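**Student:** Pasting a structure below so you can have a look.
Nothing in this text is a laboratory measurement; each read-out follows from the coordinates by a stated rule. This structure is a prediction, so every number in the text was calculated from the model and none was measured. All Cβ positions, even for glycine, are placed from backbone atoms using ideal geometry, and neighbour counts span all protein chains on display.
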């Protein structure tokens, strides 16, 4: 095993019809897909939270369907990143954290914030957003108490067990590669996602958090479609070994069932 405190490798989401009868055994009922996936890898990104606020009971169900040592990364809502574009987002952030994220308990890993391609680096706006992000479960619970009536269910504001929260930001505008941007990420300990997008968006390979790295692999040659060859996976394994810190890696090349296969193969290389 590589010399890092924690290595998590998984997929971005798990409910994809093309996986059925291929990665998922034929006849496996849909409600057991997460259970099966979590028997093959140790982490997954929750993507439904990007599209809409979830419910606490859904997060609790995901906890029950996975092993004790499984970890979820949670994708922050597009209402915050794409519609509001990080402006005036204190209440939307409260709604997000009140929607059940904290119900994941010890299985809660990093929070992922994916910015739209049109959003250029603006130091004042980005730093204001960073300052709003809670760094502990207790801070998140206090923020969650300021939710409004947009929630679909009773809020979950229980911070236990007490733990630190980590945040990662995936950018898609080249201005975020400038030194001022990188310095701001480092100042606040936010991980700048290392994202491989088959050349569609800027590739920025900079470690901005001393604690952890976050990687999203969207496709080696074609976005969301192409898989990673053995040679490409070996390259990523060498990178991860060189970082020497907690690392979270998620494959998002899900169209042709490449993501779970690549995740398992990379984990084997790093075992």
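**Student:** Among 31, 216, 106, whose mean-square fluctuation peaks in a Gaussian network model of the chain (Cα, cutoff 10 Å)?
**Tutor:** Its mean-square fluctuation being the largest, the pick is 31.
**Student:** Right, here's the next one. Tell me the mean residue ellipticity at 222 nm calculated for the chain from its helices only (DSSP H runs of n ≥ 4, each -39500 (n - 2.57), averaged over every residue, nearest 500). Kindly include the intermediate steps, with their values, before the conclusion.
**Tutor:** Working: 9 runs with 81 residues, N = 271.
Calculated mean residue ellipticity at 222 nm is -8500 deg cm²/dmol.
**Student:** To the nearest whole percent, what portion of all C-alpha pairs in region 91-152 is separated by more than 16 angstrom? Provide the component values of the computation, followed by the final result.
**Tutor:** Working: 972 of 1891 pairs.
That fraction is 51 percent.
**Student:** Oh, and also: Within 10 Å, count the other beta carbons around each residue, average over each peptide in 154-160, 260-266, 174-180, 218-224, and list them highest first. Intermediate results must be reported in sequence, preceding the final value.
**Tutor:** Values: 154-160: 16.0, 260-266: 21.6, 174-180: 13.7, 218-224: 18.7.
Final packing ranking: 260-266, 218-224, 154-160, 174-180.
**Student:** Let me ask something additional. Could you tell me how far the Cα centroid of region 150-194 sits from the Cα centroid of region 56-72, in Å?
**Tutor:** For region 56-72 versus region 150-194, the Cα centre distance is 21 Å.
**Student:** Which residue, 255, 101, 71, has the most motion in a Gaussian network model of the chain that connects Cα atoms within less than 10 Å?
**Tutor:** 255
**Student:** On average over all directions, what projected area in square nanometres does region 54-101 have, based on the convex hull of its Cα atoms? Please list the in-between numbers first.
**Tutor:** Working: hull surface 14.2 nm².
With every direction weighted equally, the projected area is 3.5 nm².
**Student:** Expressed as a rounded percentage, what relative contact order does the chain have, with Cα pairs under 8 Å and six or more residues apart?
**Tutor:** Working: 547 pairs, mean separation 57.2, N = 271.
That works out to 21 percent.
**Student:** Per residue, what volume in Å³ does the Cα convex hull of region 7-269 take up?
**Tutor:** In region 7-269, the Cα convex hull volume per residue is 119 Å³.
**Student:** Here's another thing I want to ask about it. Which whole-number percent gives the relative contact order of region 159-271, counting Cα pairs below 8 Å spaced six or more residues apart?
**Tutor:** 21 percent
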